[in-house]
Amino acid sequence: MQPSFVFAFLSAGSLLTGLAYAQQDRSFPKVTIPGSVVRSLKSASTGRQMELYIHTPADYDRERTKKYPTLYFVDGQWDFKLMDSVLGGLVYDKFAPETILVGITYAGENPDYDALRAMDLTPPAPEPSRTFGNAPNFLKFLKTELIPFIETNYRSDAARRALQGASYGGLFTLYALFSDPGLFSGYIVTSPAVTYGNRFSFRQEADFAKEHKELQVKLYIGVGGAESFTAPVKEFIDAVRSRGYKGLKLETRVAEEERHSGSKPELFNRGLRFLFAD
């Protein structure tokens, strides 16, 4: 058999095999996350159509009167699968109770997540901007629309709400904490963009400290040990710790050798463990 003929024969065979696999792929069921649904909610506060990735506990349908802690987190498009896995392991190991997860993201055809989150998760910039600074309206959405929606439709315990975010989401979580600290009882903040807006987070916390000596929440702040935010986040942690807020339960963590995104599994895991520790 001539080499060229062998190549053509093998190529044709590979093509037919590929077509066969492609046809089989179309018949395979898609992977779903058990106990999870997607719901939509049009926000009057932001004007956006939001998608909610909601996970209910394994015993939710059996325990008809039981109420559950609820973790709200931004960037659900990226972190919902991770959080379902992290929480599942912690529940199995008895480090966390069964919990409702609410991953917040955007609906629509191919939403520009980077642009949308840059707008909604950032506090007002020093200069007026069309691309940043919508955090006040996004926080209003959480308080007046999303939380009432969840607590009306699910057995969510209002006394055990928590908020989580990373990067811009961490910046927003800090913004929510110092804007309306009683809205959530726990906050998980990882790799927050504390340098945004000429160190907005530092100024907001300092202004808060002038008027408040108490902060009755659990606050977890983590950062990767090899990312650009490592030093400023450590500085922010030192500032918060120096206040001596009455009632504040603070835990911090550096994920050594991890960078901005790779630190999430460890930091989210440890954040949840702290949140649910006695």
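Computed from the coordinates by the stated procedures, all read-outs in this text should not be read as laboratory data. Note that this is a predicted model, so its numbers are computed, not measured. Note: ideal-geometry Cβ built from the backbone for every residue, glycine included; neighbour counts use all protein chains shown.
Specify the residue with the greatest mean-square fluctuation among PRO192, PRO123, PRO148, computed from a Gaussian network of the chain linking alpha-carbon atoms under 10 Å apart. Greatest mean-square fluctuation among the candidates belongs to PRO148. Volume per residue for the range 20-150 equals 156 cubic angstrom (convex hull of Cα atoms).
For the range 64-145, averaging the sequence separation of C-alpha pairs within contact (under 8 Å, six or more residues apart) and dividing by the residue count gives a relative contact order of 25 percent. What whole-number distance in Å separates the alpha-carbon centres of the range 194-219 and the range 234-265? Result: 13 Å between the Cα centres.
Using a cutoff of 8 angstrom between alpha carbon atoms and counting only pairs six or more residues apart, the relative contact order for the chain works out to 15 percent.
Ordering SER242, TYR168, PRO232 by Cα displacement along the dipole of the chain toward the positive end leaves SER242 in first place; charges were set at the Cβ atoms of Lys, Arg (+1) and Asp, Glu (-1). What the Cα convex hull of the chain gives, in volume per residue, is 199 Å³.
When the alpha carbon coordinates of the range 141-278 are projected onto the principal axes, the ranges are 42, 35, 31 Å, largest first. Annotation for the range 204-278: GluC sites (Glu not before Pro) lying in DSSP loop with at most 12 further Cβ atoms inside 10 Å of their Cβ are GLU256, GLU257. In order along the range 49-62, the phi-based Karplus estimate (6.51 cos²θ - 1.76 cosθ + 1.60, θ = phi - 60°) of 3J(HN,Hα) comes to 8, 9, 10, 10, 9, 10, 10, 9, x, 4, 9, 4, 6, 7 Hz; Gly and Pro are listed as x. Scanning the chain for trypsin sites (Lys or Arg not before Pro) that sit in a DSSP loop and have at most 15 other Cβ atoms within 10 Å, the longest stretch containing none of them is 131-212.
The distance separating the Cα centre of the range 114-173 from that of the range 54-113 comes to 17 Å. For the range 74-161, GluC sites (Glu not before Pro) meeting the loop criterion (DSSP other than H, G, I, E, B) and having at most 14 other Cβ atoms within 10 Å: GLU109. Each DSSP beta bridge with both residues in the chain is either parallel or antiparallel, and the antiparallel ones are about 30%.
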